[in-house]
1. Take residues that are hydroxyl-bearing (Ser, Thr, Tyr) and tell me which of the helices (runs of 4 or more DSSP H) falling wholly in the range 51-166 contain 2 or more.
2. With the structure loaded, tell me whether Asn341 is over 28 Å from Met180 (Cα atoms), surrounded by fewer than 20 Cβ atoms within 10 Å (Cβ to Cβ) and over 21 Å from the mean Cα position of the chain (by Cα) or whether it fails that test.
3. When both residues are 6+ apart or on different chains and their Cβ atoms are under 6 Å apart, which pairs have a first residue that lies in the range 151-163 and is in the same structural domain as Asn64 (by TED's automatic domain parsing) and in contact (Cβ under 8 Å) with a residue 24 or more places away in the chain, and a second that is outside any helix (DSSP H, G or I) and β-branched (Val, Ile, Thr)?
4. Tally up the residues in the range 267-283 that are in contact (Cβ under 8 Å) with a residue 40 or more places away in the chain and more than 22 Å from the chain's Cα centre (by Cα), please.
5. Give the range 1-55 a look and list any residue that's of a type in the set (Val, Ile, Thr), closer than 20 Å to Ser181 by Cβ and more than 32 Å from the chain's Cα centre (by Cα), or say none.
6. Checking the condition surrounded by 18 or more Cβ atoms within 10 Å (Cβ to Cβ), farther than 30 Å from His37 by Cβ and over 30 Å from the mean Cα position of the chain (by Cα), which residue from Ile222, Ile234, Ile155 passes?
7. Could you run through the range 81-122 and say how many residues are crowded, with 19+ Cβ neighbours inside 10 Å and either in contact with a Gly (Cβ under 6 Å, 6 or more places away or on another chain) or among the small types (Gly, Ala, Ser) (or both)?
8. Looking at the range 557-571 only, could you name the residues that are over 26 Å from Met536 (Cα atoms) and either of a type in the set (Val, Ile, Thr) or at pLDDT below 65 (or both)?
Amino acid sequence: MDNYIVSARKYRPMTFNSVVGQGALTATLKNSIINGHLAHAYLFCGPRGVGKTTCARIFAKTINCMDLDANGEPCGKCESCKAFDEQRSLNIHELDAASNNGIEDIRALIEQTRIPPQVGKYKVFIIDEVHMLSLAAFNAFLKTLEEPPHYVIFILATTEKHKLLPTILSRCQIYDFNRMSVNDIVAHLANVAKQENIQVETSALNVIAEKADGGMRDALSIFDQVAAFCNGNITYEQTLKNLNVLDSRYYFQLVDHFLEGKIPEVMVILNDIINKGFDPNHFILGLNSHFRNLLMSRDPQTLPLIEASDDIRAKYGEQAKKCKPNFIYAAIRKCTDCDLNYKVSQNRRLLVEITLIEIAQLATEDTPDSGRSPRRILKPLFKKRGTVDSSSSKVGHAIKTDKTIQSATSPKAAVVPNATTARQTPVQSATRHIGVTGFSINQMENKLSAAAAVQNAPSSVAASVSETKTTNSVNNQPFTIDELAVAWRMYSRSIDTSNKALAVQLDKLRPTEIGDYMYEVVVDNPILMSQMKSVMYDAITYLRKQLKNDLLNIKVRMREVKERQVILTRTEQLAKMKENNPALKKLVEELNLELI
């Protein structure tokens, strides 16, 4: 037990050929060594656990090897290679810039560069997490980095290249390391399991690889954890249990229920997921990723974009054939909206449940929605006994009757001769009624013939057409003042970062009701008022869309002098309290109390 070494250290690559997932980069480094074209400074950047420090050590070992093989790999037998393998080489110096980021640490490093190597050709200085250096340390390091001694090579490693100064970047050869693919991680873990005599299922390795998110070090650490839990026999079920990962089978089952409109089954699966301890927001993110993978599975060219095993990709392809593109687009938008509203929601589980119900109803609709602006209509789940869905039958009957009347009506009866005649005919009154309910002026001209047909039709048909157009034209969904406050806060946080000051002011303000769907925002100074007026149109448009109510209106008003809050001194506060509370006044007088 005392000699146990974790897999991330035990199976760390010692040669360029053993590095996983960075073939192009290692080939470039090997060619530069073979040809003798070595730079004085390198920058290795990329995500965590992808081999930056490992490649830096292999590079330092290789350039000091006294007997390279034909492929440019170190021999492992010379004195320099042995010293490196036994971690006693004096030609390789590593500095952790996360904890040694001061100017004094850099000055000490510069002093070490003055001593030439005793064994080998080069002294290599590896500075890990170099972005953590202070500004003074960077400035002190610039000159030495630009013109070091001929035997000194710097290798800088960082996970956040954007934090480095441009003067540092311009002095280095930059190598960007890639994230590990799922297949590469699975293959390497299978090799480690074989050497450790551990029985493992390929599906379990896929779960570990997806959990690692492209980092080989993370994958090996997770592998050790699962191996300890499973006692040398890693299975798919035990891996899910140990890592608390939501099984992808849940998502496949949910989509099948969505397509069949089985809402009760969807609710049961959601309850099972929550009872197992999974966060609903984490579940929504996973469902959104599942729909994204279904979208990628519809085309063979985008199928490789899915980071999963071949078996899972095949399942995605089979399920994607059942889903229409419009359904996938709209479902992704629903999940995205749920994720955005999750943090501000007061009843988060209900928000997730409503989202799942809406997705299930999307699959049963034959709608031309493309996902950019999906319909936000929640159908009733239960119908009263003995009732009929009158809206669909009424609309269908009205449209059918309208088309029949138009086909039977002559062209002369459907055309209005001129504006003067139109003002005096009943056709204009019907058109005016349609325009009031939401049609524009330009649309009125296109609807004259239809209005004439409605005029000649029976009154019940005309009423059906008018009612149908009225229902489809105006959004008038009721909302509470709390829902308005949440939508107002969401708008304030959606403002561009270039106007951050206005966003902060908007977040502090709250609309107050002054009438039916009429609200006002009160400000304290004219500058803020002018800024508010400049964004009020966008704010009202955003709020109407969020609350689904086109009647909502908000105005901005300057606070009057009598409304402004007066700041009182302590003495004035006590006097006002005594005036409002006679008992307090009597207590102060009897005990002869004073403010100190």
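The values are calculated or read from the model by the stated rules, or taken from the named source; none is laboratory data. Nothing here was measured: the structure is a model prediction, and the numbers come from that model. Cβ placement follows ideal geometry from the backbone for every residue including glycine, while neighbour counts extend to all protein chains displayed.
1. Hits in the range 51-166: 52-63.
2. In short, no.
3. Val152/Thr113; Ile153/Val124; Ile155/Ile126; Leu156/Ile127
4. 1
5. In the first step, residues of the range 1-55 are kept if they are of a type in the set (Val, Ile, Thr); the result is 5-6, 15, 19-20, 26, 28, 33-34, 50, 53-54.
Imposing the further condition that a residue be closer than 20 Å to Ser181 by Cβ reduces the set to 19-20, 26, 28, 50, 54.
The answer is Thr26, Thr28.
6. Working: Ile222 fails: over 30 Å from the mean Cα position of the chain (by Cα); Ile155 fails: farther than 30 Å from His37 by Cβ.
The match here is Ile234.
7. 4
8. Val566, Ile567, Thr569, Thr571
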